[in-house]
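Single-structure report; data block below.
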Amino acid sequence: MAKLIITIDGPAGSGKSSTAKLLASKLNAAFLDTGAMYRAVTLAAMNSGCDLSNVSKLEHIIDNNNFNFEISHGMMIVKINGSDVTEHIRNPDVTSKVHFIASQPSLRAKLVKMQRAFAEKYDKIVTEGRDQGTVVFPDAQLKIFLIADNSERAKRRALELMQKGYDADITRIQQEIENRDLHDTSRKVAPLVPAVDAVNVDTTSLSLEQVVQKILGLIK
Ligand code: DC
């Protein structure tokens, strides 16, 4: 197990990914974007044409495809059977279907195993998702729970999408974020909740640098 584990959990658009990346680079640590794992399995299932509510087919997809996650130049590169799908897993179509994977206990168990195996490889790791502090790394040295106002989260997601050339209707995006919040917080297995020993950080009016400085202050 890694010697230093910092977990960052929180809802979509709260700033987890950017925070984890910048914090990891300041600490010279690895980072893990666990949402990318759920997204990769979703994409593999969509590409196979399988019914996304058929859990045994989805288990077969996880067991019989080669999912690879590695850090290169400060980015997490995601490959399925050797093909780079780093960009493709961010497609809004994938985003809207991840809940099929995220709500199934047997699929989550497989992904939790992958996440712990990834962490094993590093002395220091910043890992982000929905259940990192509650389920995957309950003994992490520092647990952060990021939050931000819904409208601010929608604005950030819209900007991200526009930069990638997708359409970005803020009202629709906010609605989608609120739907994902509902899926994330109401699922029976590993729902999105702060760990009892997590520190809540509201990022609504903080810059990325300010969020990271705040966390660095907590580490000290
Ligand atoms: O962080 P993200 O938006 O890329 O995550 C995509 C989806 O994956 C999110 O809606 C919920 C799910 N997820 C999860 O259930 N548990 C995690 N640890 C990470 C993501």
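Criterion first (more than 16 Å from the ligand (Cβ to nearest atom) and either over 20 Å from V112 (Cα atoms) or at pLDDT below 95 (or both)) does D63 satisfy it?
no
Among D169, D131, which is modelled with pLDDT of 95 or more and either farther than 22 Å from K26 by Cα or more than 11 Å from the ligand (Cβ to nearest atom) (or both)?
D131
Out of everything in segment 108-153 that is part of a helix (DSSP H, G or I) and charged (D, E, K, R), what residue ends up being surrounded by the most Cβ atoms within 10 Å (Cβ to Cβ)?
R153
Checking T171 against (1) open to solvent by less than 60 Å² (accessible area, probe 1.4 Å); (2) more than 25 Å from A109 (Cβ to Cβ); (3) in a helix (DSSP H, G or I), which single condition isn't satisfied?
Only one criterion in (1) open to solvent by less than 60 Å² (accessible area, probe 1.4 Å); (2) more than 25 Å from A109 (Cβ to Cβ); (3) in a helix (DSSP H, G or I) is unmet by T171, namely (1).
Where residues in segment 72-90 are farther than 17 Å from F31 by Cα and over 16 Å from the mean Cα position of the chain (by Cα), which of them is least open to solvent (accessible area, probe 1.4 Å)?
I80
Inside segment 40-59, can you point out the residues that are open to solvent by 20 Å² or more (accessible area, probe 1.4 Å), in a helix (DSSP H, G or I) and within 16 Å of the ligand (Cβ to nearest atom)?
If the condition is that a residue be open to solvent by 20 Å² or more (accessible area, probe 1.4 Å), in a helix (DSSP H, G or I) and within 16 Å of the ligand (Cβ to nearest atom), then M46, V55 are the ones that fit.
K79 versus (1) in a loop (DSSP other than H, G, I, E, B); (2) more than 25 Å from Q175 (Cα to Cα): which is the lone unmet condition?
Tallying (1) in a loop (DSSP other than H, G, I, E, B); (2) more than 25 Å from Q175 (Cα to Cα), K79 fails exactly one: (1).
Quick check on this structure: which one of S17, S25 is more than 10 Å from the ligand (Cβ to nearest atom), open to solvent by 10 Å² or more (accessible area, probe 1.4 Å) and of a type in the set (G, A, S)?
Being more than 10 Å from the ligand (Cβ to nearest atom), open to solvent by 10 Å² or more (accessible area, probe 1.4 Å) and of a type in the set (G, A, S) holds for just one of S17, S25, which is S25.
Would it be correct to say that V136 is touching a helix residue (DSSP H, G or I) at 6+ places or on another chain (Cβ under 9 Å), more than 20 Å from M46 (Cα to Cα) and within 13 Å of the ligand (Cβ to nearest atom)?
yes
Which condition does L206 not pass, out of (1) part of a loop (DSSP other than H, G, I, E, B); (2) closer than 26 Å to V41 by Cβ; (3) open to solvent by less than 60 Å² (accessible area, probe 1.4 Å), if it passes all the others?
Here L206 meets the rest and fails (2).
Each row is one residue, and each column tells you yes or no for (1) farther than 24 Å from P92 by Cα; (2) more than 14 Å from the ligand (Cβ to nearest atom); (3) polar (S, T, N, Q).
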site: E178; (1), (2), (3): no, no, no
site: K188; (1), (2), (3): yes, no, no
site: T203; (1), (2), (3): no, yes, yes
site: S207; (1), (2), (3): yes, yes, yes
site: Q213; (1), (2), (3): yes, yes, yes
site: L216; (1), (2), (3): yes, yes, no
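Is it the case that some residue within segment 6-14 is at positive phi, of a type outside the set (F, W, Y), in a loop (DSSP other than H, G, I, E, B) and exposed (fewer than 15 other Cβ atoms within 10 Å of the Cβ)?
Scanning segment 6-14, I find no residue that is at positive phi, of a type outside the set (F, W, Y), in a loop (DSSP other than H, G, I, E, B) and exposed (fewer than 15 other Cβ atoms within 10 Å of the Cβ), so the answer is no.
The values are calculated or read from the model by the stated rules, or taken from the named source; none is laboratory data. Just so you know, these numbers come straight off a predicted model, no measurement behind them. Neighbour counts run over all protein chains shown; Cβ positions are idealised from the backbone, glycine included. Accessible surface areas use protein heavy atoms only, side chains included; no ligands, DNA or RNA. Shrake-Rupley method; radii C 1.70, N 1.55, O 1.52, S 1.80 Å.
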